[in-house]
1. Residues that are crowded, with 17+ Cβ neighbours inside 10 Å and either at pLDDT 90 or above or part of a helix (DSSP H, G or I) (or both): does the range 25-40 have at least one?
2. Just to be sure I understand, how many residues within the range 55-66 are within 8 Å of the chain's Cα centre (by Cα) and without any contact (Cβ under 8 Å) to a residue 60 or more places away in the chain?
3. Within the range 74-87, is there a residue that is part of a helix (DSSP H, G or I) and under 18 Å from residue 170 (Cα atoms)?
4. Check residue 51 against each of (1) within 25 Å of residue 152 (Cα to Cα); (2) free of Cβ contacts under 8 Å to residues at least 24 places away in the same chain and name the one condition it does not meet.
5. Which is loosely packed, with under 11 Cβ neighbours inside 10 Å, in contact (Cβ under 8 Å) with a residue 40 or more places away in the chain and under 29 Å from residue 16 (Cβ atoms), of 134, 180?
6. Search the range 148-165 for residues being assigned to a loop (DSSP other than H, G, I, E, B) and surrounded by 12 or more Cβ atoms within 10 Å (Cβ to Cβ), and hand back the single one that is nearest to the chain's Cα centre (by Cα).
7. From the list 104, 64, exactly one residue is surrounded by 16 or more Cβ atoms within 10 Å (Cβ to Cβ) and over 22 Å from residue 165 (Cβ atoms). Which is it?
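The values are calculated or read from the model by the stated rules, or taken from the named source; none is laboratory data. Quantities reported herein were computed from a predicted structural model and do not represent experimental measurements. Please note: Cβ atoms are built from the backbone with ideal geometry, for glycine as well, and neighbour counts cover all protein chains shown.
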């Protein structure tokens, strides 16, 4: 199921050019708001760059769905590992962005909170369905492979278009639903 999901998901993502479109969206937003000042420290570009960096990516989706598995009334850190790692990466990134763009980067925090909170809320609503079709172990495997691709990107071994793999999550759900 995992190999099929990854392959079919990548083919779908590649056909839809998800990674290219997300990058183009980011470039369009930057071009729309970046005035091209002399010092290059446009505060609006800082906010937009931070929002795009923090909200567009596989870890955002995977972390939100993992976090939604947390049972109500108690905190199980195991379900928040991806979001905790992502928050550390975002902290380092925001520090670097702040050096370039100034404190305007902090303004992105509100949007990130709303966006990721909405993803967690959506994932929480889907959780009973996902548990009924026993897809969470498969989603964890697919998600771990996507995270491995992100790690390869971070250490600079190869540029992998990780957003093109996002449909693999939907394929995994569809296959498990069909087999349930």
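1. Residues of the range 25-40 crowded, with 17+ Cβ neighbours inside 10 Å: none.
Within the range 25-40 (the criterion being crowded, with 17+ Cβ neighbours inside 10 Å and either at pLDDT 90 or above or part of a helix (DSSP H, G or I) (or both)), the answer is no, since none of the residues qualifies.
2. Quick first cut of the range 55-66, residues within 8 Å of the chain's Cα centre (by Cα) only: 55-63.
Add one more test, that the residue is without any contact (Cβ under 8 Å) to a residue 60 or more places away in the chain, and what stays is 60, 63.
Qualifying residue count for the region: 2.
3. First, pick out the residues of the range 74-87 that are part of a helix (DSSP H, G or I): 77-87.
With under 18 Å from residue 170 (Cα atoms) added as a condition, the list becomes none.
No: the range 74-87 contains no residue that is part of a helix (DSSP H, G or I) and under 18 Å from residue 170 (Cα atoms).
4. Result: residue 51 fails condition (2) only.
5. Numbers: 134 fails: loosely packed, with under 11 Cβ neighbours inside 10 Å.
None of the other options fit; the residue is 180.
6. Here is the first cut: in the range 148-165, the residues assigned to a loop (DSSP other than H, G, I, E, B) are 156-161.
Next, only the ones that are surrounded by 12 or more Cβ atoms within 10 Å (Cβ to Cβ) stay: 160-161.
On the way: 160: 14, 161: 13 Å.
Among those that are assigned to a loop (DSSP other than H, G, I, E, B) and surrounded by 12 or more Cβ atoms within 10 Å (Cβ to Cβ), it is 161.
7. The match here is 104.
Yes or no, residue by residue, for (1) over 14 Å from the mean Cα position of the chain (by Cα); (2) part of a helix (DSSP H, G or I):
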{"site": "72", "(1), (2)": "yes, no"}
{"site": "89", "(1), (2)": "no, yes"}
{"site": "104", "(1), (2)": "yes, yes"}
{"site": "107", "(1), (2)": "yes, yes"}
{"site": "117", "(1), (2)": "no, yes"}
{"site": "126", "(1), (2)": "yes, yes"}
